[in-house]
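Enquirer: Dumping the structure here so I can ask a few things about it.
The values are calculated or read from the model by the stated rules, or taken from the named source; none is laboratory data. All of these numbers come straight from a predicted model, not from anything done at the bench. In this analysis, Cβ positions are derived from the backbone assuming ideal geometry, glycine residues included, and neighbour counts consider all displayed protein chains. We work out accessible area using only protein heavy atoms, side chains counted, and drop any ligands, DNA or RNA first. Shrake-Rupley method; radii C 1.70, N 1.55, O 1.52, S 1.80 Å.
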Amino acid sequence: MNKISVEKNVKEKSKIISFYNNKTYHIVTYGCQMNVHESEKIRGILNSLEMNETDDIHSADVVVFNTCCIREGAEDRAYNNILLLKNDKKKNKDKVIVVCGCMSQQKNGKYDLSKSKIVDIVIGTHNINALGEYLLRFAINRDKIYDILDKPIASMDSSACVRDDKVNAYVNIIYGCDKFCTYCIVPYVRGREMSRPSQEIYAEVKDLVQNQGYKYITLLGQNVNSYGKDLSEQMSFAELLEYLCTIEGDFKIKFMTSHPVDFDDDLIRVMKQQIKLAKTLHLPVQSGSDTILKRMNRHYNIKHYLKIIKKLKRAIPNIALSTDIIVGFPGETDKDFMQTLKLIKKIKYDQIFAFMYSKRTGTPASTFDDQIDEDIKTSRLNKLLRQQKIIQKENIKKYFKKTYDCLIKFINGVAVGITDGGKEIYIPNYRYTNQNYFISVKVEDIRNHKLSGVIK
Ligand code: 5AD
Ligand code: SF4
(Lines give C-alpha, C1' and ligand atoms only; values in the text may rest on other atoms or scores of the structure.)
(Ligands and ions follow the chains in the order given, each with its own letter.)
Protein backbone atom coordinates (compact mmCIF):
# COMPACT_ATOMS: atom_id res chain seq x y z
CA MET A 1 0.00 0.00 0.00
CA ASN A 2 2.67 2.40 -1.06
CA LYS A 3 0.52 4.56 -3.22
CA ILE A 4 -2.15 6.11 -1.04
CA SER A 5 -5.44 6.73 -2.74
CA VAL A 6 -7.27 9.71 -1.36
CA GLU A 7 -10.57 8.72 -2.84
CA LYS A 8 -12.60 7.38 0.01
CA ASN A 9 -12.85 3.67 -0.47
CA VAL A 10 -15.89 2.65 1.53
CA LYS A 11 -14.66 -0.85 2.37
CA GLU A 12 -11.31 0.43 3.54
CA LYS A 13 -12.94 3.15 5.61
CA SER A 14 -15.11 0.68 7.50
CA LYS A 15 -11.97 -1.35 8.29
CA ILE A 16 -10.26 1.75 9.70
CA ILE A 17 -13.31 2.58 11.76
CA SER A 18 -13.41 -0.83 13.37
CA PHE A 19 -9.72 -0.46 14.35
CA TYR A 20 -10.01 3.00 15.79
CA ASN A 21 -13.61 3.62 16.81
CA ASN A 22 -14.16 4.79 20.37
CA LYS A 23 -10.42 5.29 20.85
CA THR A 24 -9.23 8.73 21.91
CA TYR A 25 -7.00 11.23 20.16
CA HIS A 26 -5.16 14.42 21.00
CA ILE A 27 -3.76 16.95 18.51
CA VAL A 28 -0.84 19.26 19.32
CA THR A 29 -0.47 22.17 16.90
CA TYR A 30 2.56 24.41 16.39
CA GLY A 31 2.95 27.38 14.09
CA CYS A 32 0.75 29.58 11.96
CA GLN A 33 -3.00 29.81 11.24
CA MET A 34 -2.44 27.51 8.27
CA ASN A 35 -1.41 24.77 10.71
CA VAL A 36 -4.26 25.58 13.07
CA HIS A 37 -6.63 25.09 10.15
CA GLU A 38 -4.90 21.91 9.02
CA SER A 39 -5.37 20.54 12.53
CA GLU A 40 -9.09 21.24 12.11
CA LYS A 41 -8.94 19.03 9.03
CA ILE A 42 -7.07 16.36 11.00
CA ARG A 43 -9.82 16.51 13.65
CA GLY A 44 -12.37 15.99 10.88
CA ILE A 45 -10.50 12.89 9.67
CA LEU A 46 -10.21 11.41 13.17
CA ASN A 47 -13.85 12.14 14.02
CA SER A 48 -14.89 10.40 10.82
CA LEU A 49 -13.10 7.31 12.19
CA GLU A 50 -15.45 7.63 15.17
CA MET A 51 -12.66 8.51 17.54
CA ASN A 52 -13.14 10.92 20.47
CA GLU A 53 -10.98 13.94 21.19
CA THR A 54 -9.39 14.21 24.63
CA ASP A 55 -7.47 17.01 26.37
CA ASP A 56 -5.19 14.48 28.01
CA ILE A 57 -2.18 13.81 25.82
CA HIS A 58 -0.91 11.06 28.15
CA SER A 59 -4.00 8.86 28.04
CA ALA A 60 -4.81 9.49 24.34
CA ASP A 61 -4.61 6.41 22.09
CA VAL A 62 -3.49 8.49 19.12
CA VAL A 63 -1.42 11.69 19.45
CA VAL A 64 -0.85 13.84 16.38
CA PHE A 65 1.89 16.50 16.39
CA ASN A 66 1.18 18.98 13.61
CA THR A 67 4.55 20.68 13.42
CA CYS A 68 6.23 23.90 12.27
CA CYS A 69 9.84 24.58 11.30
CA ILE A 70 9.82 28.32 10.58
CA ARG A 71 12.32 28.86 13.40
CA GLU A 72 14.55 26.50 15.35
CA GLY A 73 12.55 27.09 18.55
CA ALA A 74 9.39 25.63 17.00
CA GLU A 75 11.25 22.44 16.11
CA ASP A 76 12.84 22.16 19.55
CA ARG A 77 9.50 22.57 21.28
CA ALA A 78 7.85 19.89 19.17
CA TYR A 79 10.71 17.42 19.51
CA ASN A 80 10.99 17.86 23.29
CA ASN A 81 7.26 17.36 23.68
CA ILE A 82 7.39 14.21 21.57
CA LEU A 83 10.14 12.86 23.86
CA LEU A 84 7.89 13.48 26.90
CA LEU A 85 5.63 10.68 25.64
CA LYS A 86 8.31 8.02 26.06
CA ASN A 87 6.83 6.67 29.32
CA ASP A 88 3.28 6.70 28.01
CA LYS A 89 4.44 4.60 25.07
CA LYS A 90 6.03 2.10 27.46
CA LYS A 91 2.82 1.86 29.50
CA ASN A 92 0.51 1.66 26.50
CA LYS A 93 2.10 -0.31 23.67
CA ASP A 94 -0.86 0.46 21.42
CA LYS A 95 -0.46 4.22 21.67
CA VAL A 96 0.11 5.65 18.18
CA ILE A 97 2.22 8.78 17.71
CA VAL A 98 1.97 10.68 14.46
CA VAL A 99 4.15 13.60 13.37
CA CYS A 100 3.04 15.60 10.35
CA GLY A 101 3.44 19.07 8.87
CA CYS A 102 6.38 21.31 8.07
CA MET A 103 9.00 19.86 10.42
CA SER A 104 8.62 16.35 8.99
CA GLN A 105 8.57 17.68 5.43
CA GLN A 106 11.89 19.47 5.93
CA LYS A 107 14.98 17.92 4.32
CA ASN A 108 18.10 17.77 6.54
CA GLY A 109 16.25 19.22 9.52
CA LYS A 110 17.70 19.29 13.02
CA TYR A 111 15.89 16.11 14.11
CA ASP A 112 15.76 12.92 12.08
CA LEU A 113 12.25 11.63 12.68
CA SER A 114 12.85 8.55 10.54
CA LYS A 115 15.07 7.26 13.37
CA SER A 116 12.79 8.16 16.27
CA LYS A 117 11.66 5.08 18.25
CA ILE A 118 8.74 6.93 19.79
CA VAL A 119 7.12 8.11 16.58
CA ASP A 120 5.05 5.57 14.60
CA ILE A 121 3.89 7.57 11.60
CA VAL A 122 5.76 10.43 9.94
CA ILE A 123 4.02 12.20 7.08
CA GLY A 124 4.65 15.68 5.65
CA THR A 125 2.58 18.60 4.43
CA HIS A 126 1.47 16.97 1.17
CA ASN A 127 -0.26 13.88 2.53
CA ILE A 128 -2.06 15.01 5.70
CA ASN A 129 -5.39 14.34 3.94
CA ALA A 130 -4.51 10.66 3.81
CA LEU A 131 -3.90 10.36 7.55
CA GLY A 132 -6.86 7.94 7.86
CA GLU A 133 -5.30 5.55 5.34
CA TYR A 134 -1.92 5.76 7.06
CA LEU A 135 -3.54 4.91 10.41
CA LEU A 136 -5.17 1.85 8.85
CA ARG A 137 -1.88 0.71 7.37
CA PHE A 138 -0.22 1.07 10.75
CA ALA A 139 -2.99 -0.80 12.57
CA ILE A 140 -2.60 -3.73 10.16
CA ASN A 141 1.13 -4.28 10.16
CA ARG A 142 2.46 -2.10 13.05
CA ASP A 143 5.53 -1.13 11.00
CA LYS A 144 6.78 2.40 11.35
CA ILE A 145 5.64 4.59 8.46
CA TYR A 146 7.85 7.35 7.07
CA ASP A 147 6.34 8.83 3.94
CA ILE A 148 7.34 12.29 2.75
CA LEU A 149 6.06 13.26 -0.69
CA ASP A 150 7.35 15.92 -3.07
CA LYS A 151 3.93 17.05 -4.27
CA PRO A 152 0.39 17.07 -2.91
CA ILE A 153 -1.56 13.87 -3.57
CA ALA A 154 -4.86 15.71 -3.87
CA SER A 155 -6.36 19.08 -3.29
CA MET A 156 -6.88 19.89 0.38
CA ASP A 157 -10.66 20.05 0.42
CA SER A 158 -12.25 21.16 3.65
CA SER A 159 -15.28 18.92 3.76
CA ALA A 160 -14.12 16.89 6.76
CA CYS A 161 -12.96 19.92 8.70
CA VAL A 162 -14.14 20.36 12.34
CA ARG A 163 -13.35 23.91 13.39
CA ASP A 164 -12.08 25.15 16.79
CA ASP A 165 -13.88 28.46 16.73
CA LYS A 166 -17.57 29.14 16.27
CA VAL A 167 -17.23 32.81 15.25
CA ASN A 168 -14.14 32.99 13.04
CA ALA A 169 -13.57 30.34 10.36
CA TYR A 170 -10.34 29.80 8.46
CA VAL A 171 -10.64 29.05 4.76
CA ASN A 172 -7.67 28.19 2.56
CA ILE A 173 -7.50 30.00 -0.76
CA ILE A 174 -3.92 29.28 -1.86
CA TYR A 175 -1.26 26.80 -0.76
CA GLY A 176 2.52 27.10 -1.00
CA CYS A 177 4.78 30.03 -1.82
CA ASP A 178 6.89 31.00 -4.85
CA LYS A 179 8.59 34.00 -3.26
CA PHE A 180 11.76 32.41 -1.84
CA CYS A 181 12.71 35.05 0.70
CA THR A 182 16.27 34.07 1.56
CA TYR A 183 15.56 33.36 5.25
CA CYS A 184 12.41 31.34 4.78
CA ILE A 185 11.90 27.57 4.75
CA VAL A 186 8.23 27.74 3.70
CA PRO A 187 8.69 27.38 -0.09
CA TYR A 188 10.75 24.22 0.54
CA VAL A 189 8.25 22.56 2.86
CA ARG A 190 4.98 23.78 1.39
CA GLY A 191 5.83 23.66 -2.31
CA ARG A 192 4.74 25.89 -5.17
CA GLU A 193 1.72 28.17 -5.16
CA MET A 194 -1.54 26.36 -5.82
CA SER A 195 -4.80 28.33 -5.75
CA ARG A 196 -8.16 26.76 -5.01
CA PRO A 197 -10.80 27.33 -7.67
CA SER A 198 -12.91 30.36 -6.77
CA GLN A 199 -16.22 28.50 -6.93
CA GLU A 200 -15.02 25.98 -4.38
CA ILE A 201 -14.02 28.82 -2.01
CA TYR A 202 -17.33 30.59 -2.64
CA ALA A 203 -19.31 27.47 -1.78
CA GLU A 204 -17.34 26.93 1.42
CA VAL A 205 -17.70 30.54 2.59
CA LYS A 206 -21.42 30.56 1.73
CA ASP A 207 -21.99 27.43 3.77
CA LEU A 208 -20.00 28.78 6.75
CA VAL A 209 -21.91 32.04 6.76
CA GLN A 210 -25.42 30.98 5.80
CA ASN A 211 -25.66 27.50 7.35
CA GLN A 212 -23.18 27.61 10.21
CA GLY A 213 -23.53 31.23 11.35
CA TYR A 214 -19.85 32.27 11.11
CA LYS A 215 -19.24 36.01 11.51
CA TYR A 216 -15.65 36.28 10.36
CA ILE A 217 -14.10 34.34 7.51
CA THR A 218 -10.30 34.51 7.44
CA LEU A 219 -8.91 33.61 4.03
CA LEU A 220 -5.56 31.89 4.37
CA GLY A 221 -2.49 31.62 2.22
CA GLN A 222 1.25 32.15 2.59
CA ASN A 223 0.83 34.91 0.06
CA VAL A 224 -2.85 35.62 -0.62
CA ASN A 225 -2.06 38.37 -3.15
CA SER A 226 -0.72 35.76 -5.56
CA TYR A 227 -4.17 34.18 -5.67
CA GLY A 228 -5.28 33.05 -9.13
CA LYS A 229 -1.96 33.42 -10.95
CA ASP A 230 -1.72 29.64 -11.38
CA LEU A 231 -5.38 29.11 -12.29
CA SER A 232 -6.88 28.85 -15.78
CA GLU A 233 -9.80 31.04 -14.65
CA GLN A 234 -9.02 34.77 -14.81
CA MET A 235 -9.39 35.89 -11.23
CA SER A 236 -7.14 38.12 -9.17
CA PHE A 237 -7.21 38.27 -5.37
CA ALA A 238 -9.12 41.58 -5.46
CA GLU A 239 -11.68 39.99 -7.78
CA LEU A 240 -11.99 36.97 -5.52
CA LEU A 241 -12.75 39.30 -2.59
CA GLU A 242 -15.42 41.11 -4.60
CA TYR A 243 -16.93 37.77 -5.60
CA LEU A 244 -17.04 36.54 -1.98
CA CYS A 245 -18.59 39.82 -0.85
CA THR A 246 -21.63 39.03 -3.01
CA ILE A 247 -22.56 36.29 -0.54
CA GLU A 248 -25.55 37.47 1.47
CA GLY A 249 -25.31 37.61 5.23
CA ASP A 250 -24.04 39.52 8.25
CA PHE A 251 -20.34 38.60 8.10
CA LYS A 252 -16.90 40.00 7.37
CA ILE A 253 -13.82 38.76 5.57
CA LYS A 254 -10.23 39.01 6.76
CA PHE A 255 -7.20 37.63 4.97
CA MET A 256 -3.61 36.78 5.63
CA THR A 257 -0.78 36.92 4.73
CA SER A 258 -0.17 39.69 2.18
CA HIS A 259 3.11 40.46 0.43
CA PRO A 260 3.91 44.15 -0.24
CA VAL A 261 5.08 43.38 -3.79
CA ASP A 262 1.71 42.13 -4.98
CA PHE A 263 -0.36 44.59 -2.96
CA ASP A 264 -1.92 46.73 -5.68
CA ASP A 265 -4.22 49.76 -5.90
CA ASP A 266 -7.10 47.60 -7.03
CA LEU A 267 -6.95 45.73 -3.73
CA ILE A 268 -6.95 49.00 -1.77
CA ARG A 269 -9.99 50.13 -3.76
CA VAL A 270 -11.85 46.90 -2.99
CA MET A 271 -10.89 47.08 0.71
CA LYS A 272 -12.31 50.59 0.88
CA GLN A 273 -15.48 49.87 -1.09
CA GLN A 274 -16.63 46.56 0.31
CA ILE A 275 -18.27 46.84 3.71
CA LYS A 276 -17.88 43.10 4.19
CA LEU A 277 -14.09 43.42 4.18
CA ALA A 278 -12.72 43.85 7.69
CA LYS A 279 -10.78 47.08 8.15
CA THR A 280 -7.57 45.43 9.22
CA LEU A 281 -4.44 44.31 7.43
CA HIS A 282 -1.37 42.24 8.25
CA LEU A 283 1.40 43.40 5.93
CA PRO A 284 4.83 41.98 6.86
CA VAL A 285 7.65 44.44 6.29
CA GLN A 286 10.44 42.26 7.81
CA SER A 287 12.99 45.11 8.03
CA GLY A 288 13.19 48.89 7.82
CA SER A 289 16.46 48.77 5.87
CA ASP A 290 16.59 48.62 2.07
CA THR A 291 19.96 46.85 2.21
CA ILE A 292 18.51 44.08 4.37
CA LEU A 293 15.31 43.84 2.31
CA LYS A 294 17.45 43.31 -0.77
CA ARG A 295 19.43 40.54 0.89
CA MET A 296 16.15 39.03 2.08
CA ASN A 297 15.00 38.92 -1.58
CA ARG A 298 11.83 40.80 -0.68
CA HIS A 299 11.64 42.71 -4.03
CA TYR A 300 10.46 46.05 -2.53
CA ASN A 301 12.05 48.92 -0.72
CA ILE A 302 10.82 51.03 2.19
CA LYS A 303 9.68 53.81 -0.12
CA HIS A 304 7.34 51.38 -1.88
CA TYR A 305 6.10 49.95 1.43
CA LEU A 306 5.40 53.42 2.87
CA LYS A 307 3.52 54.34 -0.28
CA ILE A 308 1.15 51.41 0.22
CA ILE A 309 0.63 52.33 3.89
CA LYS A 310 -0.06 55.95 2.99
CA LYS A 311 -2.64 54.95 0.37
CA LEU A 312 -4.26 52.50 2.79
CA LYS A 313 -4.52 55.03 5.61
CA ARG A 314 -5.94 57.60 3.23
CA ALA A 315 -8.53 55.15 1.84
CA ILE A 316 -9.43 53.56 5.21
CA PRO A 317 -8.56 55.97 8.05
CA ASN A 318 -9.59 53.52 10.81
CA ILE A 319 -7.58 50.60 9.45
CA ALA A 320 -5.75 48.45 12.03
CA LEU A 321 -2.29 47.52 10.80
CA SER A 322 0.04 44.74 11.89
CA THR A 323 3.35 43.43 10.61
CA ASP A 324 6.12 40.83 10.97
CA ILE A 325 9.71 41.89 11.65
CA ILE A 326 12.90 39.85 11.74
CA VAL A 327 15.82 41.20 13.77
CA GLY A 328 19.41 40.02 13.43
CA PHE A 329 19.20 38.92 9.79
CA PRO A 330 22.78 38.22 8.54
CA GLY A 331 24.68 41.46 8.00
CA GLU A 332 22.16 43.63 9.90
CA THR A 333 24.13 46.57 11.32
CA ASP A 334 23.07 48.86 14.16
CA LYS A 335 22.20 51.39 11.48
CA ASP A 336 19.94 48.90 9.66
CA PHE A 337 18.24 48.08 12.93
CA MET A 338 17.75 51.78 13.74
CA GLN A 339 15.92 52.08 10.42
CA THR A 340 13.52 49.36 11.55
CA LEU A 341 12.91 51.25 14.81
CA LYS A 342 12.35 54.42 12.81
CA LEU A 343 9.86 52.67 10.57
CA ILE A 344 7.70 51.30 13.37
CA LYS A 345 7.65 54.77 15.00
CA LYS A 346 6.48 56.22 11.70
CA ILE A 347 3.79 53.67 10.90
CA LYS A 348 2.57 53.18 14.49
CA TYR A 349 1.34 49.63 13.93
CA ASP A 350 -1.45 48.36 16.14
CA GLN A 351 0.53 45.17 16.58
CA ILE A 352 3.86 43.72 15.51
CA PHE A 353 5.12 40.15 15.51
CA ALA A 354 8.87 40.30 15.96
CA PHE A 355 11.30 37.41 15.63
CA MET A 356 15.02 36.84 15.97
CA TYR A 357 16.46 35.53 12.73
CA SER A 358 16.79 31.75 12.89
CA LYS A 359 19.11 29.91 10.53
CA ARG A 360 17.20 27.37 8.41
CA THR A 361 19.17 24.65 6.66
CA GLY A 362 18.71 24.76 2.90
CA THR A 363 17.82 28.46 2.71
CA PRO A 364 20.29 30.92 1.08
CA ALA A 365 20.64 33.12 4.19
CA SER A 366 21.84 30.18 6.27
CA THR A 367 25.05 30.21 4.17
CA PHE A 368 25.67 33.96 4.50
CA ASP A 369 28.94 34.44 6.36
CA ASP A 370 27.95 37.52 8.36
CA GLN A 371 25.61 35.87 10.87
CA ILE A 372 24.73 37.98 13.91
CA ASP A 373 25.51 36.96 17.51
CA GLU A 374 22.58 35.67 19.54
CA ASP A 375 23.02 38.29 22.29
CA ILE A 376 22.84 41.11 19.73
CA LYS A 377 19.66 39.58 18.30
CA THR A 378 18.15 39.32 21.79
CA SER A 379 19.02 42.90 22.65
CA ARG A 380 17.56 44.18 19.34
CA LEU A 381 14.38 42.17 19.83
CA ASN A 382 13.92 43.57 23.33
CA LYS A 383 14.54 47.11 22.13
CA LEU A 384 12.02 46.69 19.33
CA LEU A 385 9.36 45.24 21.64
CA ARG A 386 9.91 48.00 24.22
CA GLN A 387 9.50 50.60 21.49
CA GLN A 388 6.34 48.97 20.20
CA LYS A 389 4.86 48.85 23.70
CA ILE A 390 5.22 52.63 23.93
CA ILE A 391 3.66 53.03 20.47
CA GLN A 392 0.70 50.83 21.37
CA LYS A 393 0.07 52.83 24.56
CA GLU A 394 0.09 56.01 22.47
CA ASN A 395 -2.08 54.45 19.74
CA ILE A 396 -5.03 54.11 22.06
CA LYS A 397 -5.61 57.87 21.83
CA LYS A 398 -6.48 57.57 18.15
CA TYR A 399 -9.70 55.69 19.04
CA PHE A 400 -11.22 58.68 20.88
CA LYS A 401 -14.55 59.85 19.36
CA LYS A 402 -14.17 57.48 16.43
CA THR A 403 -16.83 55.02 15.34
CA TYR A 404 -16.10 51.37 14.58
CA ASP A 405 -18.22 48.58 13.17
CA CYS A 406 -17.92 46.02 15.99
CA LEU A 407 -18.93 42.47 16.74
CA ILE A 408 -20.92 42.46 19.98
CA LYS A 409 -19.84 40.00 22.71
CA PHE A 410 -20.51 39.68 26.43
CA ILE A 411 -17.45 39.73 28.63
CA ASN A 412 -18.16 39.16 32.35
CA GLY A 413 -21.75 40.20 31.82
CA VAL A 414 -20.87 43.47 30.07
CA ALA A 415 -21.47 44.11 26.37
CA VAL A 416 -18.24 44.67 24.46
CA GLY A 417 -17.75 45.68 20.85
CA ILE A 418 -14.77 44.02 19.19
CA THR A 419 -13.28 46.05 16.34
CA ASP A 420 -11.98 44.36 13.17
CA GLY A 421 -8.48 44.81 14.58
CA GLY A 422 -9.46 43.01 17.81
CA LYS A 423 -9.69 46.03 20.12
CA GLU A 424 -12.35 45.83 22.86
CA ILE A 425 -14.78 48.73 23.43
CA TYR A 426 -16.86 48.33 26.60
CA ILE A 427 -20.48 49.47 26.25
CA PRO A 428 -21.58 49.72 29.90
CA ASN A 429 -25.10 51.01 29.39
CA TYR A 430 -26.09 48.77 26.53
CA ARG A 431 -29.29 46.80 27.11
CA TYR A 432 -28.55 43.75 25.08
CA THR A 433 -30.32 40.47 24.51
CA ASN A 434 -28.04 38.87 22.04
CA GLN A 435 -24.42 38.66 20.92
CA ASN A 436 -22.40 37.95 17.76
CA TYR A 437 -23.78 40.60 15.46
CA PHE A 438 -22.20 43.72 14.00
CA ILE A 439 -23.14 47.20 15.14
CA SER A 440 -21.47 50.64 15.13
CA VAL A 441 -19.88 51.72 18.40
CA LYS A 442 -18.50 55.19 19.13
CA VAL A 443 -15.63 55.53 21.59
CA GLU A 444 -16.52 58.11 24.26
CA ASP A 445 -13.97 57.48 26.98
CA ILE A 446 -10.46 56.13 27.51
CA ARG A 447 -9.47 55.22 31.05
CA ASN A 448 -6.59 52.98 32.22
CA HIS A 449 -5.95 52.00 28.63
CA LYS A 450 -9.52 50.72 28.32
CA LEU A 451 -11.99 52.00 25.76
CA SER A 452 -15.66 52.52 26.44
CA GLY A 453 -18.36 53.81 24.18
CA VAL A 454 -21.97 53.86 23.05
CA ILE A 455 -23.97 52.26 20.27
CA LYS A 456 -24.32 54.62 17.31
N1 5AD B 1 13.84 33.39 11.20
C2 5AD B 1 13.03 34.24 11.88
N3 5AD B 1 11.81 34.57 11.49
C4 5AD B 1 11.35 34.02 10.33
N5 5AD B 1 10.18 34.17 9.67
C6 5AD B 1 10.22 33.41 8.56
N7 5AD B 1 11.41 32.76 8.49
C8 5AD B 1 12.13 33.13 9.58
C9 5AD B 1 13.42 32.82 10.05
N10 5AD B 1 14.23 32.00 9.39
C11 5AD B 1 9.13 35.09 10.12
C12 5AD B 1 8.81 36.15 9.06
C13 5AD B 1 7.47 35.69 8.55
C14 5AD B 1 6.86 35.06 9.78
C15 5AD B 1 5.72 34.15 9.53
O16 5AD B 1 7.94 34.35 10.34
O17 5AD B 1 8.69 37.39 9.71
O18 5AD B 1 6.68 36.75 8.05
FE1 SF4 C 1 8.32 32.79 3.48
FE2 SF4 C 1 8.65 35.00 2.00
FE3 SF4 C 1 6.93 33.07 1.19
FE4 SF4 C 1 6.33 34.58 3.32
S5 SF4 C 1 6.58 35.30 1.18
S6 SF4 C 1 6.13 32.33 3.17
S7 SF4 C 1 8.33 34.93 4.25
S8 SF4 C 1 9.17 32.87 1.38
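Enquirer: If you take the residues of segment 286-325 that are of a type in the set (A, V, I, L, M) and within 16 Å of ligand 2 (Cβ to nearest atom), which of them is nearest to the chain's Cα centre (by Cα)?
Expert: The selected residue is 325.
Enquirer: Would you mention how many residues in segment 303-341 are open to solvent by 20 Å² or more (accessible area, probe 1.4 Å) and either in contact with a Lys or Arg (Cβ under 7 Å, 6 or more places away or on another chain) or in a helix (DSSP H, G or I) (or both)?
Expert: 15
Enquirer: Could you please tell me which pairs satisfy a Cβ distance under 8 Å, a separation of 6+ or placement on different chains, a first residue in segment 249-260 that is in contact (Cβ under 8 Å) with a residue 12 or more places away in the chain and open to solvent by 10 Å² or more (accessible area, probe 1.4 Å), and a second residue that is aromatic (Phe, Trp, Tyr) and assigned to a loop (DSSP other than H, G, I, E, B)?
Expert: Taking only residues 6 or more apart or on different chains, the pairs are 250/437.
Enquirer: On to the next question. Please report, ordered by residue number, the strands (runs of 3 or more DSSP E) entirely within segment 141-228 with at least 3 residues that are more than 20 Å from the chain's Cα centre (by Cα).
Expert: Hits in segment 141-228: 145-147.
Enquirer: Residue pairs, Cβ under 6 Å, 6 or more apart or interchain, first in segment 129-155 and under 18 Å from residue 103 (Cβ atoms) and at pLDDT below 90, second open to solvent by less than 30 Å² (accessible area, probe 1.4 Å) and not in a helix (DSSP H, G or I). List them.
Expert: 152/126
For (1) open to solvent by less than 60 Å² (accessible area, probe 1.4 Å); (2) within 16 Å of ligand 1 (Cβ to nearest atom); (3) at pLDDT below 95; (4) not charged (D, E, K, R), each residue gets a yes or a no:
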{"position": "32", "(1), (2), (3), (4)": "yes, yes, no, yes"}
{"position": "40", "(1), (2), (3), (4)": "yes, no, no, no"}
{"position": "57", "(1), (2), (3), (4)": "yes, no, no, yes"}
{"position": "64", "(1), (2), (3), (4)": "yes, no, no, yes"}
{"position": "67", "(1), (2), (3), (4)": "yes, yes, no, yes"}
{"position": "72", "(1), (2), (3), (4)": "no, yes, no, no"}
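Enquirer: Among the numbered criteria (1) touching a Ser or Thr at 6+ places or on another chain (Cβ under 6 Å); (2) closer than 23 Å to residue 33 by Cβ; (3) open to solvent by 50 Å² or more (accessible area, probe 1.4 Å); (4) more than 16 Å from ligand 1 (Cβ to nearest atom), which single criterion is violated by residue 421?
Expert: With respect to (1) touching a Ser or Thr at 6+ places or on another chain (Cβ under 6 Å); (2) closer than 23 Å to residue 33 by Cβ; (3) open to solvent by 50 Å² or more (accessible area, probe 1.4 Å); (4) more than 16 Å from ligand 1 (Cβ to nearest atom), residue 421 is out only on (3).
Enquirer: Something else now. Looking at this structure, is residue 218 away from ligand 2 (no atom under 11 Å from the Cβ), at pLDDT 95 or above, within 30 Å of residue 358 (Cα to Cα) and surrounded by fewer than 22 Cβ atoms within 10 Å (Cβ to Cβ)?
Expert: Details: away from ligand 2 (no atom under 11 Å from the Cβ): yes; at pLDDT 95 or above: yes; within 30 Å of residue 358 (Cα to Cα): yes; surrounded by fewer than 22 Cβ atoms within 10 Å (Cβ to Cβ): yes.
For residue 218, the condition - away from ligand 2 (no atom under 11 Å from the Cβ), at pLDDT 95 or above, within 30 Å of residue 358 (Cα to Cα) and surrounded by fewer than 22 Cβ atoms within 10 Å (Cβ to Cβ) - is met.
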